[in-house]
Amino acid sequence: QVQLVESGGGLVLVGGSLRLSCAASGLSFRQYTMGWFRQAPGKERVLVAAINWSGGILYYDDSVKGRFTISRDNAKNTVYLQMNGLKSEDTAKYYCAADYFGAPSKDLRAYDHWGQGTQVTVSS
């Protein structure tokens, strides 16, 4: 049973910070590119950031460059998303996803496993 479990979401003020975590189990974590997606109500789910197996290849959506940092700890089977300088437009449900043996991709269909999501709400 593959599980991706997100945590760390919550309610923060504009300009604040959150760190999301995604704990993976039931898969060979080192063989997966990991991504963070977000989806606001009525909007498409989009890739925010992704990281390949080693952390050597990174992707960030332009909207979060310079504010968000994706990282992974393969020994802990965990991927993180550090979010700084949060804006109201960052409000969304954030999903962790795993792409087997792939390079970072914006295509949802590339990802084999998904977490249930964690809500991030940024208020002004």
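Quick note: the coordinates plus some simple rules give every number you see, no bench work behind them. Model, not experiment: these values are computed from the prediction. Positions of Cβ are backbone-derived with ideal geometry, glycine not excepted, and every protein chain shown enters the neighbour counts.
Applying 1/(1 + (r/R0)^6) with R0 = 22 Å to the Cβ-Cβ distance of Val2 and Ala40 gives a FRET efficiency near 0.25. Taking label positions 7 Å along the Cα-Cβ direction at both Leu108 and Ala23, the computed distance is 2.7 nm, reported to one decimal.
Relative contact order for the stretch 49-99: 24 percent, from Cα pairs under 8 Å spaced at least 6 residues apart, divided by residue count.
For the peptides 24-37, 100-113, residues were scored by their other Cβ atoms within 10 Å and the scores averaged per peptide; the highest-first order is 24-37, 100-113.
Under 5 Å from the amide H of Val48 lie the amide H atoms of Trp36, Phe37, Arg38, each residue being 5 or more positions distant or on a separate chain, with H modelled from the backbone and absent for Pro and chain starts.
Pairs of Cα atoms nearer than 8 Å and 6+ residues apart set the relative contact order; for the stretch 17-124 it is 32 percent. Every pair of different Cα atoms in the chain enters the Kirkwood calculation, which places the hydrodynamic radius at 14.1 Å. 3J(HN,Hα) along the stretch 79-94: 10, 10, 9, 8, 10, 10, x, 5, 10, 4, 6, 7, 4, 4, 8, 9 Hz, from the Karplus curve 6.51 cos²θ - 1.76 cosθ + 1.60 with θ = phi - 60°, whole Hz, x for Gly and Pro.
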